[in-house]
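Here's a structure for you.
Just so you know, all these numbers are worked out from the coordinates, no wet-lab data involved. Computed from a predicted model, the values in this text were never measured in an experiment. When we count neighbours, we look across all protein chains shown, and the Cβ atoms used for this are built from the backbone with ideal geometry, even at glycine.
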Amino acid sequence: MTGKLAVGMVFANGRRSGQKGAAHVGGFVGHTDRGGCGRGARHLVHAGAELVAPDGVGRASRLSELADARVIELVEGIEEIADLAIPYARLPQRASSAFAATFTTWSDLAAQTVGSLLATPRAGEATVRALLVAAREAVVGARSAGERVGADACVGRLLAHLDDRDVVMLRMRSWSTPPASRPIVAEHLGTHTGWVQRHEPKARARFAALLQDPVHAEVGEHAAALRQRLGISAPQGDVVDELLRLGLDPVSQEAQVLLHLAGPYVLTQDWFDNVAAGGSTAVDEIIDGLLLREGAVADHEMFAAVESAGVTADRVDRYLQRRQPTLRRLGDRWVQWTDATGDMVASALHALGRPASAEEILALIGPVRTDKTVRNVLSIDDRFMRTSKSMWALSDWGLDEYAGISAELAARIDAAGGRLRAEDLIATTLAEVPDVSVSSIRTHLYSTLAFVVEAGLVRRRTAADGWPTLPPLHSVRGVFRCGDSEIRLAVPVTPDVLRGSRTPIPASVAAAIGVSPGKQRVFSTAEGPVHVVWRLSSTSGPYAGTLRVLAQSVGATTADTLVLAFKPKTAQLEVVCVDNDASVLERCRAFLGRPVRNPLAALAASLGVSRGQLVAVLHERGDADLAELVASS
């Protein structure tokens with residue numbers, strides 16, 4: 001070997017240096033001669049002699065016998081290379097695997113003992129021996145390249161070999177981001193653009209040649225050490241601290257040069273990115289790819305991925321928290337995060353990794369959304385599907401979809417040949433379908449139009465069964481007929497209406513406007529379409545889709561009533577808003593869609609009853625407040 005290994009701490013008479021009778025011999029290495037000199041005997045090899053090769057050291061003494069010795073005691077002059085990066089690329093692979101994550105520069109290693117190094121996983125005597133030899137070789141190399149003067153002085157010494165114009169061109173065109181244009185550089189130098197264009201490549205070449213000169217090797221070493229300490233991206237404050245640690249003024253030209261050589265590093269959003277290594281773009285691509293594959297990523301997996309991309313371990317958490325606004329940690333998993341409710345729900349399910357209830361999803365999302373909003377998105381967004389009555393999953397998971405209690409009941413009736421004892425059906429469904437109750441099953445069997453129960457046997461409803469008789473329109477609360485072309489329905493404005501929930505439509509009204517059981521119809525409005533739907537499996541009958549936009553268009557509040565004017569022949573819908581405290585004439589005008597002089601006569605004509613019957617009919621159908629207004633008028 002060509003290097004020299006020196007040990008500042010030697011052994012004599014079986015005692016360590018510092019003990020009585022021990023001798024400190026600087027520049028020597030001691031080893032045991034197993035050839036017969038006795039266990040306590042030592043041979044001293046002068047540092048000026050040929051370096052003892054690793055196998056020679058092994059023959060002389062196992063490193064474990066030096067377990068308490070520190071590296072700084074074993075390698076003379078290690079303080080001279082304290083800031084230099086450990087050259088793992090030139091060391092055995094095991095050295096990198098064992099030590100690279102912990103020890104970046106020789107200063108990190110100096111205080112370690114041989115025992116602590118040997119105790120490191122994947123590190124053996126050969127690995128530690130190679131590390132010590134490399135340290136001594138680094139000292140020899142540094143001395144041969146000239147006296148180390150520190151980052152500030154060595155960069156200044158290099159720049160002193162360039163003329164002022166070279167430095168200006170390099171500073172403005174190479175070391176700065178973004179680079180200045182050639183005309184601006186020419187103006188600064190008091191010359192013309194063509195001169196800059198011709199001389200810039202020469203200045204770059206001279207700078208590159210200086211960097212290759214062993215005399216200036218310290219510059220490259222400081223740049224490499226800085227690169228290793230900063231990683232692919234580092235906060236501005238950390239960069240300032242590292243520059244100060246090197247004795248550099250962070251705003252100096254020397255600091256600018258070193259950041260350029262180390263990266264170049266460019267300031268972006270308060271972080272310095274190593275653009276040559278891809279910076280945050282490269283890291284983000286790895287994160288995005290990981291999330292695209294897995295949907296949600298565990299803490300340890302995300303941290304490992306970001307660190308493998310080049311972010312130093314001590315900065316990974318800060319990188320994720322500060323540079324990734326579209327990421328959020330839900331529990332112990334990272335997910336994509338946007339302001340869209342559907343994206344939030346999808347991210348929550350990804351984080352859970354299993355079907356969940358709306359309540360569980362909302363608890364994970366937090367108070368930024370309401371239960372109603374989450375349930376609405378789950379119901380209308382194709383990314384989600386039911387796996388049971390109350391559990392939801394991502395459609396991409398490929399689980400069996402729950403179509404509702406009615407569908408489950410119908411499937412079992414079909415499997416039984418079209419007819420099944422009601423009690424047997426209830427028992428089977430309870431056993432096989434999660435999240436259902438006896439009351440829910442009975443409601444769907446006895447209170448919907450999907451099934452017919454006769455003599456304890458249940459079957460699907462057929463066309464031959466017909467539909468139940470509906471009450472006449474005049475007996476339904478809030479309904480008024482305007483001739484044969486328009487049916488008007490008064491709907492109280494509730495918080496549910498303003499939130500966009502479905503609005504129940506009386507069955508008689510649905511039938512009158514052309515919506516029969518099992519069907520739906522779309523009515524056009526000035527604010528967009530409104531769907532009126534009557535599902536056979538519905539336990540509450542027909543309903544209209546959201547009326548929120550219509551309510552907003554007329555400025556409705558919970559102190560008002562919306563009057564929906566359906567025109568069945570043209571499938572059009574108009575809306576009128578009336579204050580609940582309005583006079584009887586104003587209310588009748590809104591209910592009937594025309595000016596009214598005699599409320600009693602107009603309302604009686606609309607309902608098709610006599611004037612004498614009107615008040616009683618209004619009371620019977622639930623319009624007591626209107627009945628009292630009419631009676632008092």
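Among 487, 103, 209, whose Cα sits farthest toward the positive end of the charge dipole of the chain (+1 at Cβ of Lys/Arg, -1 at Cβ of Asp/Glu, about the Cα centre)?
Checking the options against the dipole of the chain, the answer is 487.
Describe numerically, in nm with one decimal, the distance between label points set 7 Å from Cα along Cα→Cβ at residue 164 and at residue 395.
7.1 nm
Moving to a separate point now. Within 10 Å of each residue's Cβ, count the other Cβ atoms and sort 283, 215 from fewest upward.
215, 283
Also: Positive end of the charge dipole of the range 473-632 (Lys, Arg +1 and Asp, Glu -1 on Cβ, about the Cα centre): tell me which of 506, 577, 622 has its Cα farthest that way.
506
PRE reach from residue 511 (point 7 Å along Cα→Cβ): which of the range 419-453 fall under 16 Å by backbone N?
Answer for the range 419-453: 448-450.
Amide H to amide H, which residues 5 or more places from residue 105 or on other chains are under 5 Å from it, using H placed in the peptide plane?
Amide H neighbours of residue 105, under 5 Å, 5+ apart: 86.
Still on this structure, I have one more. Taking the Cα centre of the range 132-195 as origin, work out the dipole magnitude from +1 charges on Lys and Arg Cβ and -1 charges on Asp and Glu Cβ, in debye rounded to 20.
160 debye
How big is the charge dipole of the chain about its Cα centre, in debye rounded to the nearest 20, if each Lys and Arg gets +1 on its Cβ and each Asp and Glu gets -1 on its Cβ?
With only Lys, Arg, Asp and Glu charged at Cβ, the dipole is about 1040 debye.
Taking the Cβ of residue 84 as the center, what net charge do the other residues with Cβ under 10 Å away carry, scoring Lys and Arg +1 and Asp and Glu -1?
Result for the neighbourhood of residue 84: -3.
Taking the square root of 5 times each eigenvalue of the Cα gyration tensor, what semi-axes in Å does the equivalent ellipsoid of the range 405-465 have, largest first?
17, 12, 10
Residue 421 versus residue 191, label points 7 Å from Cα toward the beta carbon: distance in nm?
Those two pseudo-labels are separated by 10.5 nm.
So what J values fall out for the range 412-428 if you push phi through Karplus, 6.51 cos²θ - 1.76 cosθ + 1.60 with θ = phi - 60°, rounded to Hz, Gly and Pro as x?
So the J values, rounded to whole Hz, are 6, 5, 4, 5, 8, x, x, 8, 8, 4, 4, 5, 5, 5, 4, 5, 5.
Further question on the same structure: Let me spell out the model: positive unit charges on the Cβ of Lys and Arg, negative unit charges on the Cβ of Asp and Glu, origin at the Cα centre of the range 458-599. What dipole size does that give, in debye rounded to 20?
540 debye
Also: Cα centroids of the range 500-571 and the range 161-182: how far apart, whole angstrom?
That distance is 71 Å.
How much length, in nm to one decimal, is gained on full extension between residue 454 and residue 126, taken as 0.36 nm per residue of separation minus their Cα-Cα distance? Let's see the in-between values first.
Details: separation 328, 0.36 × 328 = 118.08 nm, distance 8.83 nm.
Gain in length upon complete extension: 109.2 nm.
Relative to a virtual label point 7 Å from the Cα of residue 569 in the Cα→beta-carbon direction, which members of the range 513-537 show backbone nitrogen distances below 15 Å?
Inside the label zone: 513-514.
Between residue 67 and residue 93, what FRET efficiency follows from the Cβ-Cβ distance if R0 is 22 Å, with the result rounded to 0.05?
With R0 = 22 Å, the Cβ-Cβ based efficiency is 0.35.
Further question: Express in whole angstrom the spacing between the alpha-carbon centres of the range 362-438 and the range 250-314.
Distance between centres, Cα-based: 45 Å.
Over all directions, what mean area does the Cα convex hull of the range 463-613 project, stated in square nanometres?
9.6 nm²
Round to the nearest 0.05 the FRET efficiency obtained for residue 440 and residue 482 when R0 = 56 Å and r is the Cβ-Cβ distance.
0.90
Using a simple spin-label model with points 7 Å from Cα along the Cα→Cβ vector, what separation in nm is obtained for residue 318 and residue 594?
Using points 7 Å along Cα→Cβ, the separation is 7.8 nm.
What does the net charge come to around residue 419 if you take all other residues with beta carbon closer than 14 Å to its beta carbon, with K and R at +1 and D and E at -1?
0
Using a cut-off of 12 Å between beta-carbons, work out the net charge of the residues near residue 554 (Lys and Arg +1, Asp and Glu -1, residue 554 not included).
Taking every Cβ under 12 Å from that of residue 554, the sum is -3.
Can you tell me the order of 288-298, 586-596 when each peptide is scored by its average per-residue count of other Cβ atoms within 10 angstrom, highest first?
Going from most to least packed, we get 586-596, 288-298.
Same structure again: Quick one: length gained pulling residue 285 to residue 244 fully straight, 0.36 nm per residue minus the C-alpha distance? Write out the running numbers ahead of the final one.
Details: separation 41, 0.36 × 41 = 14.76 nm, distance 3.19 nm.
Gain on extension, residue 285 to residue 244, equals 11.6 nm.
So, one more: Given a Förster radius of 45 Å and the C-beta distance between residue 292 and residue 465 as r, what FRET efficiency does 1/(1 + (r/R0)^6) yield to the nearest 0.05? Spell out each step's value before the answer.
On the way: r = 52 Å, r/R0 = 1.15.
The pair residue 292/residue 465 has a calculated efficiency of 0.30.
Further question: Report, to one decimal in Å, the Kirkwood hydrodynamic radius for the range 72-207 based on all distinct Cα pairs.
So the Kirkwood estimate lands at 18.0 Å.
Return the ratio Rg/(2.2 N^0.38 Å) for the chain, where Rg is computed over Cα atoms only.
Relative to the rule-of-thumb radius for its length, the chain sits at 1.65.
Set Lys and Arg Cβ to +1 and Asp and Glu Cβ to -1, take the dipole of the chain about its Cα centre, and tell me which of 199, 377, 427 lies farthest positive.
Going by the Cα projections, it comes out as 427.
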